[in-house]
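To start, the structure itself, in structure tokens.
Where a number appears in this text, it was derived from the coordinates with a stated rule and is not lab data. Worth saying up front: this structure is predicted, and the values here are computed from it rather than measured. Here the Cβ positions follow ideal geometry from the backbone for every residue, glycine too, while neighbour counts run over all protein chains shown.
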Amino acid sequence: MADEVGLVNDEAVVPIRSDGDIVTARQEGRALASLLGFSSTEATLIATAISELARNIVLYAKRGEIVLALVEDHGRRGIVVTARDEGPGIVDVRKALMDGHSTSGGLGLGLPGVRRLMDDFEIVSQIGKGTTVTVKRWKQGAGPV
Amino acid sequence: MADTRTTRSVIAPLALESTTALLRELVAHLRENRTQLREEWARRITEAKLLTAMTPEEVFAEATAVYDNYLEALETGSIEALETYARNLSERIIPRGVETHEVVGIVLLLRDVLARSLFGKYPADFSRVLDAYEPAANRIANTVAVGFVQERERIIRQQQEAIRELSTPVLPVRERLLILPIIGIIDPQRARQLTEQLLRGIRINRAKVVVMDITGVPAMDATVANHLVQTVEASRLLGATVIVTGLSPEIAQTLVNIGVDLGKMNTVGDLQGGIEEAERLQGYKVVPITMEPA
Amino acid sequence: MPVPILKQRDYLIATIQAALTDDDLKKLRDALVAQVGEFRSRGVIVDVTTLDVMDSFAARTLRDLSHMSRLRGAETVIVGIQPEVAFAMVQLGLTLEGVPAALDLEEGLAYLDRKTKRKTAAK
């Protein structure tokens, strides 16, 4: 996993197996975001997104992992969060990204909400193989000069 | 002053000598009739309802200056002086609210007034006069118009920067009441800053009511409208009620079109009404002080 | 880690003191709903000042708590939501609709006093 494009630093891997791990993942995420110099508001947005992603893993796949890393692109710096599971996969990804859609008892805000909290959002899901959601958030005003 | 090298770019190279000579003759005619033509031009400007933001005296003064610069440019083929003048003129008149079409309009009018006079004077040489006069006149018109537009764009850029830098003030008016006057275009970035600032302001001032006045917001698209709704919702989570005032008919229409739940929005027509509503929510009543006779 | 519940006058006050797991939150909800009946409480205050993330699960649990305790005769008010947390919540689409919110404990108490007095007067 360390050879993934754009990752420049060691990454933090948080295994997700129970709801307690959701708390760990978001605390790690906030710590890394603060380390990267994100404002406290931005760190909160990132931690909230991580919480939702980790919760999806617990809800739908039972187990998986959250990978946190620093990302650099043309002088921009940011944080990349990868939520990976080997669960059942999402049948209709498009639908899962629509507001108000849920397959697990009224939560359903997860993915569209996460998308709004972060700058970049990518999802790859294969039925029976699992789901990987990759989200990034770039530091404000840290764009190429 | 007539330098053929600078003239070459202005007029057709064919029959250069005679054209230059003719142009000089034309300029002499226009200079002789300066008073009359200048008045004619000023009259046409007034008739066409151009430069209405300026007084007749101001129009006449500018007309004189433009006229003289115009003739000089015609004569020398050098538009530098005119360029400088056009820039100065733009700087002076843009703040007065003079529009691009007015500036283009007056220059085209001058071109027309002068051309008519020249055609009257040289009825037999119509096409030669045209050849000599028109390219130069067009270039001058172009210079003035471009100068004006560039100046306008510069001012617009400057204003955009100023607006971006302008922090939206969160004003504590009285105990637990904040006023947030928003002026200018809101983009998502600004909407976000504004919300963060407001939420912090609510916490620091322990505000119960916020009057958000958007009279100065010219337009709003769906994204920004949604940001605004989020601002209202986030404020509620901190225990503060937001009253939105100064919604223009256009923005009201946008909100309805995108299906914003107006039930969530507490809206009052204007800022004054908003403050009155805030006082009502806070349980205050404003009564006039009865002056006791001394 | 269980959340201590304080009983004061007609009110129950739960002050969240650490990051809560989903399980902790559910336990808190159930405990509050049970105690509302036990102590015949008129109001519930959940102080989330130290909560640094409110995600969809937390928001839903608090909303459920509010609805459940209302059915059992107590008004619930959430106090102390931090500005950043509120900002993240609305971006996520969590508005806690129908759940009263107040700035802090003091405001929450004032809110409940107003609310329960009005009810008494109406009866």
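Starting with the fewest neighbours, write out C:Phe39, B:Phe126 ranked by other beta-carbon atoms found within 10 Å of each beta-carbon. It would help to have the intermediate numbers written out before the result.
On the way: C:Phe39 14, B:Phe126 11.
So the ranking, lowest neighbour count to highest, is B:Phe126, C:Phe39.
Compute the convex hull volume of the Cα atoms of region A:8-138, divide it by the residue count, and report the result per residue in Å³ as a whole number. Write out the running numbers ahead of the final one.
Numbers: hull volume 13.1 nm³, N = 131.
About 100 Å³ per residue, rounded to a whole number.
In debye to the nearest 20, how big a dipole does region A:8-138 give about its Cα centre with +1 on each Lys and Arg Cβ and -1 on each Asp and Glu Cβ? Display every interim value, and only then the final one.
Details: 16 positive and 17 negative charges, 52 e Å.
Using only the charged Cβ atoms, the result is roughly 260 debye.
I'd like to know which of A:Ser125, A:Val13, A:Val71 lies farthest towards the positive end of the charge dipole of region A:8-138, counting +1 on Cβ of Lys and Arg and -1 on Cβ of Asp and Glu.
A:Ser125
How far, in degrees from 0 to 90, does helix B:16-32 lean away from the longest principal axis of the Cα atoms of chain B, to the nearest 10?
With rounding to tens, the tilt is 70 degrees.
What is the fewest-to-most order of A:Arg17, C:Arg42 by other Cβ atoms lying within 10 Å of their Cβ? All intermediate terms of the calculation are to be shown ahead of the outcome.
On the way: A:Arg17 12, C:Arg42 20.
With the sparsest Cβ surroundings first, the list reads A:Arg17, C:Arg42.
Under a Cβ-only charge scheme (Lys and Arg +1, Asp and Glu -1), can you give me the dipole magnitude of the protein assembly as shown about the Cα centre, in debye to the nearest 20? Show your work: numbers first, answer last.
On the way: 67 positive and 75 negative charges, 410 e Å.
Computed charge dipole of the protein assembly as shown: roughly 1980 debye.
Enter the angle in degrees (range 0 to 90, nearest 10) between the Cα long axis of helix B:34-47 and the first principal axis of the Cα atoms of chain B, meaning the one along which they spread out most.
Tilt of helix B:34-47: around 40 degrees.
List the extent of the Cα atoms of region C:5-122 along each of their three principal axes, largest first, rounded to whole Å.
Cα spread of region C:5-122 along its principal axes, largest to smallest: 39, 25, 22 Å.
For the Cα atoms of chain B, what angle does the longest principal axis make with the long axis of helix B:56-76, in degrees from 0 to 90, nearest 10?
The helix B:56-76 is inclined about 50 degrees to chain B.
Any idea what log10 I(q)/I(0) is at q = 0.13 Å⁻¹ for the protein assembly as shown, Debye with uniform C-alpha scatterers and no solvent?
Per q value, in the given order, log10 I(q)/I(0) is -1.25.
Could you line up A:His74, B:His227, C:His67 from fewest to most neighbouring Cβ atoms inside 10 Å? Please report the intermediate quantities before stating the final value.
Numbers: A:His74 6, B:His227 22, C:His67 13.
Ranking A:His74, B:His227, C:His67 by Cβ neighbours within 10 Å, fewest first, gives A:His74, C:His67, B:His227.
Please give the calculated 222 nm ellipticity per residue for chain C, where each DSSP H segment of at least 4 residues contributes -39500 (n - 2.57) and the sum is spread over every residue; nearest 500 deg cm²/dmol?
Values: 4 runs with 61 residues, N = 123.
That calculation yields -16500 deg cm²/dmol at 222 nm.
Using Cα-Cα distances under 8 Å and only pairs 6 or more residues apart, what relative contact order does chain C have, in percent?
On the way: 188 pairs, mean separation 28.7, N = 123.
This gives 23 percent for chain C.
Using only the Cα atoms of chain B, each taken as one equal point scatterer with no solvent, compute I(q) by the Debye sum, divide by I(0), and report log10 of the ratio at q = 0.08, 0.11 Å⁻¹.
Each listed q corresponds, in turn, to -0.58, -0.75.
If the chain between B:Glu47 and B:Ala81 were fully stretched, how many nm would it gain, using 0.36 nm times the residue separation less the Cα-Cα distance? List each step's numbers first, then the result.
On the way: separation 34, 0.36 × 34 = 12.24 nm, distance 2.85 nm.
Roughly 9.4 nm would be gained on extension.
Using +1 on the beta carbon of Lys and Arg, -1 on that of Asp and Glu, and nothing else charged, what's the dipole of region B:139-239 about the Cα centre, debye to 20?
On the way: 14 positive and 10 negative charges, 59 e Å.
For this selection, approximately 280 debye.
Calculated from DSSP H runs of 4 or more alone, at -39500 (n - 2.57) each and per residue, what is the 222 nm mean residue ellipticity of chain B, nearest 500? Could the numbers behind the result be given before it?
Numbers: 11 runs with 188 residues, N = 294.
Calculated from helices alone, the mean residue ellipticity at 222 nm is -21500 deg cm²/dmol.
Taking every Cα atom in region B:73-231, find the radius of gyration and the maximum pairwise distance Dmax, and write them in Å.
25.7, 85
Looking at chain B as a GNM with Cα springs under 10 Å, which of B:Gly274, B:Gly283, B:Gly239 has the largest mean-square fluctuation?
In this elastic network of chain B, the residue with the biggest mean-square fluctuation among B:Gly274, B:Gly283, B:Gly239 is B:Gly283.
Positive end of the dipole of chain C, charges at C-beta (+1 Lys, Arg; -1 Asp, Glu), about the Cα centre: which of C:Ile5, C:Phe39, C:Leu94 has its Cα farthest in that direction?
Value: C:Phe39.
Counting DSSP beta bridges with both partners in region C:5-122, what percentage is antiparallel, nearest 5? The partial results should precede the final answer.
Details: 4 of 16 bridges.
Here the antiparallel bridges make up roughly 25 percent for region C:5-122.
Nearest-5 percent of antiparallel DSSP beta bridges in the protein assembly as shown? Can you show the working numbers first?
Working: 38 of 64 bridges.
Percentage antiparallel, nearest 5: 60.
So, counting K/R as plus one and D/E as minus one, what does the shell of residues with Cβ under 13 Å around B:Val98 add up to? Please list the in-between numbers first.
Numbers: positive: B:Lys49, B:Arg92, B:Arg96, B:Arg152; negative: B:Glu58, B:Glu62, B:Glu91, B:Glu99, B:Glu102, B:Glu151.
Net local charge, B:Val98 excluded: -2.
Which one, B:Ser78, B:Trp41, B:Pro123, is farthest towards the positive end of the dipole of the protein assembly as shown when Lys and Arg carry +1 and Asp and Glu -1 on their Cβ?
Working it through, the farthest residue towards the positive pole turns out to be B:Trp41.
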